[in-house]
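The values are calculated or read from the model by the stated rules, or taken from the named source; none is laboratory data. As the structure is a computational prediction, the values presented were derived from the model and not from experiment. All Cβ positions, even for glycine, are placed from backbone atoms using ideal geometry, and neighbour counts span all protein chains on display.
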């Protein structure tokens, strides 16, 4: 607590901070608290969500409240109902030992008459969403001409949600002699305009660089075909049994459909989107905060302002259109100094957008392979085993112990474990028994493969024909297996393989070709004796014909030479090559009936 005291906090506020377990101020708190405790200091703070911004402005403003006055002294604006309620609850916890400080939350989706009655009792701090606050100002239910401080929390989010006119109206109704504190994760032009018009020579505090991602968040990506995105999502979730995450989609239809599919696959989840009523939205968020839901599928608009602690992952099922949205998405995890992972599931056409996001947030996305069945099953089994070991022994089970022991007495420890695992994971093991590899080869890997192909192209090959083919059930894999099994040379380089109905042609490197026919003598394939013959290459065939003085097509060559001599004598091509006899080459044929007056 000494460090908070060194920042200028004192008295009952420090007691409230101690009860909350705060020991060391975060970087944004360390920089912002002394400035806000000062006099006539406007401030712009650029910091990611989850860095302790609420305490950064809440603690010093609570200390500056004059409880002898019965009017509104501090106005805090936030983009969403959820964030508004969260800020209000945090302020009440900070002011635990200052019951004389009254805080009210004003937001839409609830009875405005109840909020008006609360405000009329005399409120020192109002936390509000812009739309509802404008409504109450127009009704003369709230008077903000007496405030000495205005906080714009998540300013970029409020502007993204279309609150620019509301903000202008609200700020124009506040006194000129006030302090304005603007907190934002990013600094788009609209936020700069607000700062320029309503802040006076503000100090600027930046925790990290503009638009830069938090250092506590790791960024991963999976690259798959577009049709495999859902299967990839399901495997990623199954491979992290302790996941507590938000999945972001572009549209509310995507959010609804993905949630339905995940529920069908046995994953505890629900969707959050604009079609939900406020009551439905509250129910979903209550279940998610209570961790009765493993994942929440949400759109950017629906998730704006959500403040949920301890998220382990953020999954981008679709990359957002703008970088600011990605910054806010990834900022939902890795909060309060904890580690978090932001995952992007992309297809090959989105690789460029991913690289652009990397440049702006100054972070590198790490490529990950889509989990295979064995990896998923191991992760699930380990998680299940840890839960069993961590479970506490219940004394009330003693009454049934002997009965259970007798039931399982015939089984050894190993057999009992096998039965338990089979019972618990039989369905999972069956589902992931033979999983398909969903990974798309990356550009880097393509480059390596291309290089390998180029190196392979420099190898000289000999071609063979084999007396079995497709109708005998031969596959390329089986052929390569036979070559490696029966050849006296290990690691034989194999070229093209062409399997026809009754025979097969394949290539092997020249160095081992002389021994291939010998190695395959007396070899059977499904009871069929193999006959292997070498096929000479064109170069070898030409060389053999030259050695034996034979031409492959002598008559054809003679006709070609005779025609060539005739053309040279005439000095031109034969008549049949110039066109039809009697045709006029200067008069072009008219193929356009409409231009000739035809229909």
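What to note about this one:
- For segment 297-308, the criterion of being at pLDDT 85 or above and surrounded by 23 or more Cβ atoms within 10 Å (Cβ to Cβ) is satisfied by at least one residue.
- Test result for residue 215, under 24 Å from residue 51 (Cα atoms), out of contact with any strand residue (DSSP E or B) (no Cβ under 9 Å at 6 or more places or on another chain), surrounded by fewer than 21 Cβ atoms within 10 Å (Cβ to Cβ) and modelled with pLDDT of 90 or more: no
- Exclusive hit being part of a helix (DSSP H, G or I) and surrounded by fewer than 16 Cβ atoms within 10 Å (Cβ to Cβ), set 32, 18, 56: 18
- Taking the criterion of being surrounded by 15 or more Cβ atoms within 10 Å (Cβ to Cβ), within 43 Å of the chain's Cα centre (by Cα) and part of a helix (DSSP H, G or I), the only residue of segment 479-497 that qualifies is 479.
- Residues that are under 21 Å from residue 26 (Cβ atoms) and touching a strand residue (DSSP E or B) at 6+ places or on another chain (Cβ under 9 Å), drawn from segment 319-328: none
- Residue match in segment 60-72 (condition: closer than 23 Å to residue 161 by Cα, crowded, with 20+ Cβ neighbours inside 10 Å and touching a residue at least 12 places away in the same chain (Cβ under 8 Å)): no
- Residue 387 farther than 25 Å from residue 241 by Cα and over 26 Å from the mean Cα position of the chain (by Cα): no
- Subset of segment 97-121 (residues that are surrounded by fewer than 18 Cβ atoms within 10 Å (Cβ to Cβ), within 28 Å of residue 20 (Cα to Cα) and out of contact with any strand residue (DSSP E or B) (no Cβ under 9 Å at 6 or more places or on another chain)): 97, 99, 100
- Qualifying residue in segment 84-100 (condition: more than 42 Å from the chain's Cα centre (by Cα), touching a residue at least 12 places away in the same chain (Cβ under 8 Å) and closer than 26 Å to residue 140 by Cα): yes
- Looking only at segment 134-157, and only at residues there that are part of a helix (DSSP H, G or I) and in contact with a helix residue (DSSP H, G or I) (Cβ under 6 Å, 6 or more places away or on another chain), the one that is modelled with the lowest pLDDT: 156
- Total residues in segment 263-280 satisfying the condition of being in contact with a helix residue (DSSP H, G or I) (Cβ under 8 Å, 6 or more places away or on another chain), surrounded by fewer than 18 Cβ atoms within 10 Å (Cβ to Cβ) and not in a loop (DSSP other than H, G, I, E, B): the figure is 1.
- Number of the exception - residue 62 against (1) under 34 Å from the mean Cα position of the chain (by Cα); (2) assigned to a helix (DSSP H, G or I): (1)
- Segments classed as strands (runs of 3 or more DSSP E), wholly inside segment 161-262, with at least 2 members that are within 29 Å of residue 29 (Cα to Cα) and within 16 Å of the chain's Cα centre (by Cα): 217-223, 245-249
- Residue match in segment 150-163 (condition: loosely packed, with under 15 Cβ neighbours inside 10 Å and closer than 17 Å to residue 59 by Cβ): no
- Just one residue in the set 316, 253 is in contact with a strand residue (DSSP E or B) (Cβ under 8 Å, 6 or more places away or on another chain) and either assigned by TED's automatic domain parsing to the domain that holds residue 230 or more than 26 Å from residue 354 (Cβ to Cβ) (or both); that residue is 316.
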